[in-house]
Structures are given as C-alpha cells and as structure tokens.
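Chemist: Submitted below is the structure of interest, expressed as structure tokens.
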Ligand code: 0L1
Ligand code: MG
C-alpha cells in the first residue's frame, strides 16, 4: 500500500472503470495501491452495477491461461472475470467497434453448464455440470491507457472482458487437448495455435475454474458458459472485418466488425 497515494474507495474505482467502458475512453491505471483482493471486490461491484441496469449473468471467463500470456505479463496466476447478457454477440453478427477503446480478439474454447451452479458448489459438481463445448471468440478491451496494467488492475477491470461469440454447441468431450486452432481475418490465417496452449488442456482450465469458484464465484444459471482462455495471441480489431475461429473437430465461429456508420 502506498501511503502517500492511498487507493480510491472500491465504489469509486468501480465507477471509473464502468464509465470508461460505457464511454469507450481509457483511464489511468491504479497500479500498486490496488491489491488483488481489493481488485476482486471492485470486479464484484462492477458486476452489481451491470445487474442493477438489468443485465443478467451469463457466465465466467478465465484470463492468463496460456504460458505465453503469463510470461508476457510476468505472472503465474490465472484470473477470473464475469460475463453478462449484453456482452454476447450472436454467431455471424456484426459488432460496432465505435464504442470500444482498443478491442482485440482471441480464439477460445467455451464450456456450457447444463445445470445451475450454486455459489457453494463443489469442484466435482461444477465439472459434472458441464454438458457441452463450443468454439468461441472473445473480444477483450482493456479500459486502461495503452492496454497496459498490473495483475490487480486487470482483475478490477473484469479481466478486460468486452464481448464474446459462441459457435455451435457440441456434446461435451474430454478429448480437447492438442486440437489446432486457427484465427482468420477476412479469410486469411492470422494466428495458429493449439488448444494445448490453454493450461495444457482446456479441461485443466475447467478444473482451475472449479478450484477458484468458492472464492470468486457468485452462482451461475443453467446454460451459463465458461470461456476457458485463449489458444493464440490476441489480434487488434478494426472495422469492416470478418473474423473466424476454427477449432479442429469442434467447429467454427464468426464475427463481423463495423464502424460508426454501419
Ligand atoms: O481473456 C484474457 O486472457 C485476457 C486477460 C486479461 C489480459 C489481457 O487483457 O490481455
Ligand atoms: Mg480471453
């Protein structure tokens, strides 16, 4: 804790991040005055602000599930955020980017919880609740200047969550490791990776989420999703593009982007 510059109150940090997201204007990082514990409290307050505006909880997401991202940030910790109804973009739909700060897209694997997950669910219950898997795109958009942050900053900012797109669900399989993941922009391959980049196996991400749930989970409705993490680096988004992710043997998912005039 920095004695000369104490952290603003949790509600004030949440208000600033919420406004930054709604206006699409980046703010300064909070930095080392913010602890990880307080950052998760800020995130919970951000979630409550959204729920009070009529959004509902649709799932959770993990961040820093790849060695590459952990190394890039110098962290060894998986982080968790929440997803709400206004963040979902339907497969193939167009997303206007003019309200965003500096959006990026990454290809992921999503799990679906076939039953509601209560806040006190055991790890075994959480894992057993999963009934389907799908390819997904996550649009991340840090609310901080220069897309730069500390671990606590990014947790407070709901792990940069912005939007997500789900491909078709397919019956849950535990054979998810080692599948090639391809990200295309306007039909050209931009990134190639493998599902093994997600903690060695997307199932490990699900297990990690189950372990973290008691501390950070607030209950999920039946049909909620878990974005397990990125299989490649994130790619900056610009208007007028078609983004496609293909997860071998699982399926594909698509997003179109537009600017202010479309
Ligand atoms: O979904 C993610 O892996 C993002 C986690 C936060 C870090 C970032 O914004 O790149
Ligand atoms: Mg992600």
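Chemist: Would you please list the contacts, defined by Cβ atoms under 8 Å and residues six or more apart or on different chains, that run from a residue in the stretch 66-87 that is without any contact (Cβ under 8 Å) to a residue 60 or more places away in the chain to a residue that is part of a helix (DSSP H, G or I)?
Modeler: As it stands, the answer is 76/70; 84/47; 84/50; 84/51; 86/50, since those pairs meet every condition given.
Chemist: Run residue 111 past the list (1) within 16 Å of ligand 2 (Cβ to nearest atom); (2) more than 20 Å from residue 200 (Cα to Cα); (3) not in a loop (DSSP other than H, G, I, E, B) and report the number of the one that doesn't hold.
Modeler: Checking residue 111 against (1) within 16 Å of ligand 2 (Cβ to nearest atom); (2) more than 20 Å from residue 200 (Cα to Cα); (3) not in a loop (DSSP other than H, G, I, E, B), the one that fails is (2).
Chemist: Yes or no: residue 214 surrounded by fewer than 22 Cβ atoms within 10 Å (Cβ to Cβ), under 18 Å from residue 65 (Cα atoms) and either within 16 Å of ligand 2 (Cβ to nearest atom) or in contact (Cβ under 8 Å) with a residue 12 or more places away in the chain (or both)? Can you show your working first?
Modeler: Values: surrounded by fewer than 22 Cβ atoms within 10 Å (Cβ to Cβ): yes; under 18 Å from residue 65 (Cα atoms): no; either within 16 Å of ligand 2 (Cβ to nearest atom) or in contact (Cβ under 8 Å) with a residue 12 or more places away in the chain (or both): yes.
Taking the combined requirement at face value, the residue does not satisfy it.
Chemist: Here's a follow-up. For the subset of the stretch 60-103 comprising residues that are at positive phi and within 13 Å of ligand 1 (Cβ to nearest atom), which member is surrounded by the fewest Cβ atoms within 10 Å (Cβ to Cβ)?
Modeler: It comes out as 74.
Chemist: Being more than 14 Å from ligand 2 (Cβ to nearest atom) and touching a helix residue (DSSP H, G or I) at 6+ places or on another chain (Cβ under 6 Å) is the filter here; which residues of the stretch 77-108 pass it?
Modeler: 84, 102
Chemist: Give the stretch 233-260 a look and list any residue that's within 25 Å of residue 68 (Cβ to Cβ), more than 16 Å from ligand 2 (Cβ to nearest atom) and surrounded by 15 or more Cβ atoms within 10 Å (Cβ to Cβ), or say none.
Modeler: 241, 244, 246, 250, 251, 252, 254, 257
Chemist: Any idea which residue in the stretch 19-54 is surrounded by the most Cβ atoms within 10 Å (Cβ to Cβ), counting only those that are without any contact (Cβ under 8 Å) to a residue 60 or more places away in the chain, closer than 22 Å to residue 212 by Cβ and in contact with a strand residue (DSSP E or B) (Cβ under 9 Å, 6 or more places away or on another chain)?
Modeler: Only one residue fits best here, namely 50.
Chemist: What are the residues in the stretch 137-182 that are under 14 Å from the mean Cα position of the chain (by Cα) and part of a loop (DSSP other than H, G, I, E, B), if any? Before the answer, list the steps.
Modeler: In the first step, residues of the stretch 137-182 are kept if they are under 14 Å from the mean Cα position of the chain (by Cα); the result is 137-143, 154-166.
Answer for the stretch 137-182, where residues must be under 14 Å from the mean Cα position of the chain (by Cα) and part of a loop (DSSP other than H, G, I, E, B): 141, 142, 143, 157.
Chemist: Right, next: If you scan the stretch 220-232, which residues turn out to be within 12 Å of ligand 1 (Cβ to nearest atom) and surrounded by fewer than 17 Cβ atoms within 10 Å (Cβ to Cβ)?
Modeler: None - no residue of the stretch 220-232 is within 12 Å of ligand 1 (Cβ to nearest atom) and surrounded by fewer than 17 Cβ atoms within 10 Å (Cβ to Cβ), so the list stays empty.
Chemist: Look at residue 203 and say whether it is on the phi > 0 side of the Ramachandran plot and buried (at least 21 other Cβ atoms within 10 Å of the Cβ).
Modeler: It is false that residue 203 is on the phi > 0 side of the Ramachandran plot and buried (at least 21 other Cβ atoms within 10 Å of the Cβ).
Chemist: Select from the stretch 127-158 the residues that are under 19 Å from residue 206 (Cα atoms), in contact (Cβ under 8 Å) with a residue 12 or more places away in the chain and surrounded by fewer than 24 Cβ atoms within 10 Å (Cβ to Cβ) and write down the one among them that is nearest to ligand 2 (Cβ to nearest atom).
Modeler: It comes out as 134.
Chemist: Look at the stretch 183-200 and say how many of its residues are surrounded by 15 or more Cβ atoms within 10 Å (Cβ to Cβ), touching a strand residue (DSSP E or B) at 6+ places or on another chain (Cβ under 8 Å) and not in a strand (DSSP E or B).
Modeler: 4
Quick note: the coordinates plus some simple rules give every number you see, no bench work behind them. Computed from a prediction, not measured in an experiment: that's the story for all the values here. Here the Cβ is made from the backbone with ideal geometry for all residues, glycine too, and neighbour counts use every protein chain on show.
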